[in-house]
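The structure under discussion appears below in the form of structure tokens.
The values are calculated or read from the model by the stated rules, or taken from the named source; none is laboratory data. Computed from a predicted model, the values in this text were never measured in an experiment. Cβ sites come from the backbone with ideal geometry, for glycine too, and all protein chains shown count toward neighbours.
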Amino acid sequence: MAIKYAYHPGNVSHSSSPEVAVTMESFARAMGITLVPLPGATSCGAGIVRQANRRLQLTLNARTFAMAEAEGLNILTPCAATAGNLQEDLMALQSDQILMQEVNETLENTCGLTMTGEVEIHHILHALVDEIGLDKLEEKVKNPIDFTVAGYYGPNIQQEGACGGDDVYDPNYLEQVISTLGGTPVSWEARTQSVGVPGLFAEEPTVMKQTAEALSEAKAEGADLIVSACNLSQAVLDIYQGKAGRNTGLSTNIPVIHLCEILSFALGCHNKRLALLRTRIAVIGD
Amino acid sequence: MTDSSLLILFGSESGNSEYLAVEAEKQAKSLGLSCSVKGMSEIIIGDLTDVKNVLVYCSTWGEGDMPDNAVDLWDAANGDSPPSLKGCNFAICALGDTSYEFFCQSGKDWDDWFEKQGATRILDRVDCDVEYEDPAAEFTSKALSIFSSMTGGAPIESQVNEDITPEPALEETIEVTGDDLGELLSAGDRSLAILYGSQSGNSEALAAKFSKQASDYGLVGTVHDMDGFDLASLSGMSRVLIVCSTWGEGEQPDNAEALWVAANADGAPSLSQTHFSVCALGDTSYELFCESGKEWDKRFEELGATRLVDRVDCDVDYESIAAAWAVDSLAAMAAVDGTGVYHEDMVESIKEYVAGDDEGADGEDGFTVPDFSAESIQAEISIFRYDPETATTGSDTWLCAMPGHLSLLEALRTVKNTHDGSLSFRDGASDDSTTAICVNGRLVLPGLVRLDAVAPTRDGTLRLRVDPLPGFEVIRDLVVDHWSMERRRESTQPWMVAATRGGASTMQGDIGLMEPNVATALHSITDFGSSALLQASSDAVPHANGYLGPAVLASVWARRNDPRSSASSVSGLDEILAGSNGIKAETDLASIRRQNGSGLVVSEALLDAKTHVLERDAFNGRHGKHVWWYTWTLKSSGKVNDTVLYRQVLGPIGLLGNLTSGVTARMMTGFSRTGGDMITDMLAFIAPPAGIGKMPRQFNSSVDNHHEVVAIFNELDGRF
């Protein structure tokens, strides 16, 4: 089965989270998924550019849609923020033909491109469950993951129209994937809550509390590890967990990795990193 | 009556009790209860011996007197041999007027009487004054929930613990089933007796015809000649149709004479289990038209039988009238289930089923009314509990089977009324905005969401985790204190300070006008159903001290854009929006956007508010710089450059803070751990010209055709 997508790596996989880009590519190879790069695609804006100029973010993302449409492919991304923001802008364009016409005029004038809206945005999680199939994934598992895992969705992909066939409020695709890989999923409330990434620089005290609550709840539910569907959230949950713990007095030490990493590890890629992860799980914590 | 049926009895003078009884019947049917409504004059006291569940609405007349239609029944009830009502469950709603001395006396009398006869009171009597609607409605909801649980659907396990351990499905579950047409038309006894009294053969022919038609209604029709018919056998029949002609001067036809005499004798049986209807044949040229049929109709009623369809009196051209009566009567008889319970609400569906359309009942306007009832579903309901006296928290889990169309609020009432009266939640009308709770991470008004739609059913079981609204202090169980939100709202001085405006001359005089699109936009921002629900949708509210929250800010933003607001008011509202507890304190609009219908509109409005505030501040401060530099780096390479963001937004002091708090170290080791180049990343943080002037592209390569990105920026926003 040939599975092919236009690939958008997300906002920070080229910088803060290179492990996501690396493991996404190795996982795709192992699964036989062809990732067609979109070398001209820009950052999705992460909802930040929209705060300065809504039409600007919309047009930049319309350019990305036009490029994917030119390839005749749907877009695949490992980043929940990118999936959510692209989907939000795509739906805005699809639901307003006048808006799409105006944006196309700008694209035509500046880039010589136009879009039709006949493109779909998929997060790797939803593509895996809805299109590729967990049975195919199970066949490829070489290193069963024997951890107790808390799956983190965040709010961006848990929007109406952005979460594939999963439930907006009570999702379980991540838990299904974790089980398929051999892990034990835990049930926790903070899995769809925001950890406040867009406010990290300006509202750090609040974000630290949000981050600490998510981390401590995952620990309290017995998780060895948090697997995040979002690059940005993963970065904050990992990098800031020491500071969040000190600010709040909560227990926050727990390894946090991205979904692509655990997928890649389970399929036999990057065995040294899996060994390192096992060590981290063994030594990190209270 | 059977154990699962409910008799709703009313004693009414002005019609209020009857109205309440009819409303209760509708509500009961929505809960899957089979029930019938009767006036107190429509039953005899002996009928109550067969009733297991009775709900009574009774008004008081004059100086504590029974209403007219209840007088006879009351007299009989206090006769020499009142019936024993052991095993009967009852509840009384008394209507009265406190301006009279004997307030609600009739209801009180019935309450005492039922108890005295051994019946079990399942809910304390409620005494309603002239403003009876609300207390009566509350009483009805509670009573029906209890009856519903007693006849099925009751949660059967209460498990109180600190750590929830879901139990496997239990062997026994009590089920509240909705009406099922297929089951109704096929299950149990489906016999229909058709008695004819005939002189010329017309009644006999009609009886035979109706008997054949009966099979279309899932009935097994048997035609009986009245001559030689055993009257005593009638008491065991739940469905009887009578077709009877009249002879001479209002006389019974020959073959009916003996049965008629027996029916009027002292030993005539009670027909309290029997449902009947009469088709009378006659000739209007005679003085006593259809007299025989009228007599049978009256006598069956006297013997306690239940008339499902009014008698029809046919003249010599009887065919079409009799055929129409047969359609109604056979459908009504078919709606009597195998246990003898009449399901009036199913009659229309049965008619449509027989006519070849079982989609639903046709509405008056010609459209089809969909059937909203749903199958019973298995539900595991875990409810957060908090006891303020002992300051302990935990959760209770109930396993139960309930109709899927039950609202979540009705399900909570059922649990409270049947298993744990201490369970606390805000109750009210279905759209009461203060009733908001959280179910499986979804914020809902529980009266507006069906049980089978509130969360996905997995592995055949609906698992619900019911929590109080996040972001509010919990008073007890699911009850939260909205005061913190109201205090924040109060701090924004939530009233209109209007500018003096010129009105427009209209036919109604000079009045202020507003452009329709402006009015629509303002309404869309503030037309959220529940402030508490919207406030709880922000994941920042529980953590950001003082943050006004989306519900308060949406109103502020709407007033700020209201053309009626004065300039000084707009200025003050701008200060609120731009303040430290204003829109900047919201860390992620995505959490608001995802919750319910109004979340999308409000998050869009709050995004506009944030843009307005940032532009007003010329993108200064950390919020402004974050947005500015993020956008700027996107223009410079097409990618975000997070090292630039750290330097520009946090500045030297912020970076130093990260350095000393371990964030920087963790970041760099994080990069190393995952294969990045530590030296490059370290350089990114310290390389000049950090924080000075325009940034070089540094470590980002540009996207292909980067000039297109620049062109889009130049076309749409020259500020960057």
Complete set of residues in the range B:598-610 that are farther than 24 Å from residue B:496 by Cβ and free of Cβ contacts under 8 Å to residues at least 12 places away in the same chain: B:600
Filter result (farther than 22 Å from residue B:390 by Cα and among the aliphatic types (A, V, I, L, M)) within the range B:446-498: B:448, B:449, B:451, B:453, B:454, B:455, B:462, B:464, B:485, B:496, B:497, B:498
Residues satisfying the stated conditions in the range B:263-283, i.e. over 25 Å from residue B:343 (Cβ atoms) and touching a Cys at 6+ places or on another chain (Cβ under 9 Å): B:280, B:281, B:282, B:283
Only listed residue being within 14 Å of chain A (Cβ to nearest Cβ), over 26 Å from residue A:168 (Cβ atoms) and out of contact with any helix residue (DSSP H, G or I) (no Cβ under 8 Å at 6 or more places or on another chain), chosen from B:509, B:579, B:502: B:579
Identity of the residue in the range B:574-595, in contact (Cβ under 8 Å) with a residue 40 or more places away in the chain and outside any loop (DSSP other than H, G, I, E, B), that ends up nearest to the chain's Cα centre (by Cα): B:592
Candidate set from the range B:632-666 (those that are hydroxyl-bearing (Ser, Thr, Tyr) and within 25 Å of residue B:711 (Cβ to Cβ)); member that is farthest from the other protein chains (Cβ to nearest Cβ): B:636
Test result for residue A:92, out of contact with any strand residue (DSSP E or B) (no Cβ under 9 Å at 6 or more places or on another chain), more than 9 Å from chain B (Cβ to nearest Cβ) and under 30 Å from residue A:276 (Cα atoms): no
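Yes/no per residue for (1) in contact with an Asp or Glu (Cβ under 7 Å, 6 or more places away or on another chain); (2) within 23 Å of residue A:159 (Cα to Cα); (3) part of a helix (DSSP H, G or I):
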{"residue": "A:34", "(1), (2), (3)": "no, no, no"}
{"residue": "A:47", "(1), (2), (3)": "no, yes, no"}
{"residue": "A:55", "(1), (2), (3)": "no, yes, yes"}
{"residue": "A:60", "(1), (2), (3)": "no, yes, yes"}
{"residue": "A:83", "(1), (2), (3)": "no, yes, yes"}
{"residue": "A:100", "(1), (2), (3)": "no, yes, yes"}
From B:322, B:256, B:268, B:262, residue being surrounded by fewer than 19 Cβ atoms within 10 Å (Cβ to Cβ), part of a helix (DSSP H, G or I) and hydrophobic (A, V, I, L, M, F, W, C): B:262
Residues located in the range B:206-237, provided they are acidic (Asp, Glu) and either assigned to a strand (DSSP E or B) or crowded, with 20+ Cβ neighbours inside 10 Å (or both): B:225
Residue list for the range A:53-62, filter: buried (at least 24 other Cβ atoms within 10 Å of the Cβ) and either of a type outside the set (A, V, I, L, M, F, W, C) or at the interface with chain B (Cβ under 7 Å from one of its Cβ atoms) (or both): A:57, A:59, A:60, A:61
Residue A:176 at the interface with chain B (Cβ under 7 Å from one of its Cβ atoms) and of a type outside the set (A, V, I, L, M, F, W, C): no
Positions within the range B:605-631 being at the interface with chain A (Cβ under 9 Å from one of its Cβ atoms) and over 15 Å from residue A:50 (Cβ atoms), in sequence order: B:621, B:622, B:625
Those residues of the range B:45-60 which are at pLDDT below 90 and touching a helix residue (DSSP H, G or I) at 6+ places or on another chain (Cβ under 7 Å), in sequence order: B:45
Segments classed as strands (runs of 3 or more DSSP E), wholly inside the range B:459-573, with at least 2 members that are closer than 30 Å to residue B:380 by Cα and not charged (D, E, K, R): B:462-467, B:473-476, B:479-481
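Okay, residues lined up against (1) assigned to a helix (DSSP H, G or I); (2) modelled with pLDDT of 90 or more; (3) of a type in the set (A, V, I, L, M); (4) within 15 Å of residue B:57 (Cβ to Cβ):
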position	(1), (2), (3), (4)
B:87	no, no, no, no
B:91	no, yes, yes, yes
B:99	no, no, no, no
B:106	yes, yes, no, yes
B:118	no, no, no, no
B:127	no, yes, no, yes
B:144	yes, no, yes, yes
Among residues of the range B:238-253, those that are closer than 23 Å to residue B:315 by Cα and either in a loop (DSSP other than H, G, I, E, B) or among the hydroxyl-bearing types (Ser, Thr, Tyr) (or both), counted: 7
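Test residue A:263 against the stated conditions and say whether it is touching a Pro at 6+ places or on another chain (Cβ under 9 Å) and assigned to a helix (DSSP H, G or I).
No.
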Qualifying residue in the range A:129-147 (condition: at pLDDT 95 or above, surrounded by 22 or more Cβ atoms within 10 Å (Cβ to Cβ) and in a helix (DSSP H, G or I)): no
Which numbered condition residue A:28 fails, given (1) free of Cβ contacts under 8 Å to residues at least 60 places away in the same chain; (2) surrounded by fewer than 24 Cβ atoms within 10 Å (Cβ to Cβ); (3) assigned to a helix (DSSP H, G or I); (4) within 13 Å of chain B (Cβ to nearest Cβ): (4)
Selected residue [among the aliphatic types (A, V, I, L, M), touching a strand residue (DSSP E or B) at 6+ places or on another chain (Cβ under 8 Å) and not in a strand (DSSP E or B)] from A:250, A:277: A:277
Matching residues in the range A:201-234 - criterion: being within 13 Å of chain B (Cβ to nearest Cβ) and either among the acidic types (Asp, Glu) or not in a helix (DSSP H, G or I) (or both): A:201, A:202, A:203, A:204, A:213, A:217, A:221, A:222, A:230
Hey, residue B:58 within 24 Å of the chain's Cα centre (by Cα) and either touching a residue at least 60 places away in the same chain (Cβ under 8 Å) or assigned to a strand (DSSP E or B) (or both) or not: no
Selected residue (criterion: nearest to the chain's Cα centre (by Cα)) from residues of the range B:465-501 that are of a type in the set (Phe, Trp, Tyr) and exposed (fewer than 15 other Cβ atoms within 10 Å of the Cβ): B:483
Positions within the range A:1-22 being part of a helix (DSSP H, G or I) and facing chain B (nearest Cβ under 9 Å), in sequence order: A:18, A:19, A:20, A:22
Long-range neighbours under 7 Å by Cβ, at least six apart or interchain, first residue free of Cβ contacts under 8 Å to residues at least 60 places away in the same chain within the range B:339-355, second among the small types (Gly, Ala, Ser): B:347/B:331; B:347/B:332; B:347/B:335; B:348/B:361; B:351/B:331; B:352/B:361
